[in-house]
1. Scan segment 78-126 residue by residue and report those that are among the acidic types (Asp, Glu), out of contact with any Lys or Arg (no Cβ under 6 Å at 6 or more places or on another chain) and more than 18 Å from residue 60 (Cα to Cα).
2. Testing residue 81 on (1) in contact with a helix residue (DSSP H, G or I) (Cβ under 6 Å, 6 or more places away or on another chain); (2) at pLDDT 95 or above, one condition comes back false. Which one is that?
3. Determine whether residue 106 is out of contact with any Pro (no Cβ under 7 Å at 6 or more places or on another chain) and buried (at least 16 other Cβ atoms within 10 Å of the Cβ).
4. Residues of segment 1-23 being farther than 25 Å from residue 109 by Cα, touching a residue at least 40 places away in the same chain (Cβ under 8 Å) and part of a loop (DSSP other than H, G, I, E, B), which ones?
5. Would a scan of segment 107-120 turn up a residue that is farther than 18 Å from residue 19 by Cβ, of a type in the set (S, T, N, Q) and in contact with a helix residue (DSSP H, G or I) (Cβ under 7 Å, 6 or more places away or on another chain)?
6. Residue 85 - would you say it is touching a residue at least 12 places away in the same chain (Cβ under 8 Å) and within 13 Å of the chain's Cα centre (by Cα)?
Amino acid sequence: MAHIHKEFLIDNSPENVWEALREVGAVHQRLVPGFVTDTRMEADTRIVTFANGVVAHELIVDIDDAARRVAYAVVGGSMAPKHHHASMQVLADAEGRSRFVWTTDVSPDELAAPISEMAEQGSRIMRETLKVAPGRAGR
């Protein structure tokens, strides 16, 4: 089983970043617009459509407000792995920024490279989308 770990800083408060992350049905609007083109919820499963055509059915396992953590597992879709579990967590940085930690376990190992590349692209877009614009307080 492969392990993918992405960790990066976002120039925004943990409260604001968590507000965007915890809105699990709005990934295409709040976190990675353009990279994800649509998100819809069906009960506790979100269906995420990526710009590259991949569709993932993600079971929302947990939304933990105290830990600022969302956990999910891919349970279907066009690139459904044998096993995929991920979590995204927002931590406070000493300078008032957010440390974003995204971990994924995936099997088979052959899917690690394409999923890691998608996570890298998503991380770049998330950092840009969530940063505070100069002269703006809060978001």
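The values are calculated or read from the model by the stated rules, or taken from the named source; none is laboratory data. Just so you know, these numbers come straight off a predicted model, no measurement behind them. No Cβ is skipped: glycine too gets one built from the backbone with ideal geometry, and neighbour counts run over all protein chains shown.
1. 95, 109, 110, 117, 120
2. (2)
3. The answer is no for residue 106.
4. Scanning segment 1-23 gives 11, 12, 13, 22.
5. Scanning segment 107-120, I find no residue that is farther than 18 Å from residue 19 by Cβ, of a type in the set (S, T, N, Q) and in contact with a helix residue (DSSP H, G or I) (Cβ under 7 Å, 6 or more places away or on another chain), so the answer is no.
6. Against the criterion (touching a residue at least 12 places away in the same chain (Cβ under 8 Å) and within 13 Å of the chain's Cα centre (by Cα)), residue 85 qualifies.
To keep it simple, each residue is scored yes or no on (1) surrounded by 16 or more Cβ atoms within 10 Å (Cβ to Cβ); (2) touching a Pro at 6+ places or on another chain (Cβ under 7 Å); (3) free of Cβ contacts under 8 Å to residues at least 24 places away in the same chain.
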residue: 25; (1), (2), (3): no, no, yes
residue: 32; (1), (2), (3): yes, no, no
residue: 46; (1), (2), (3): yes, no, no
residue: 51; (1), (2), (3): no, no, yes
residue: 61; (1), (2), (3): no, no, no
residue: 90; (1), (2), (3): yes, yes, no
residue: 95; (1), (2), (3): no, no, yes
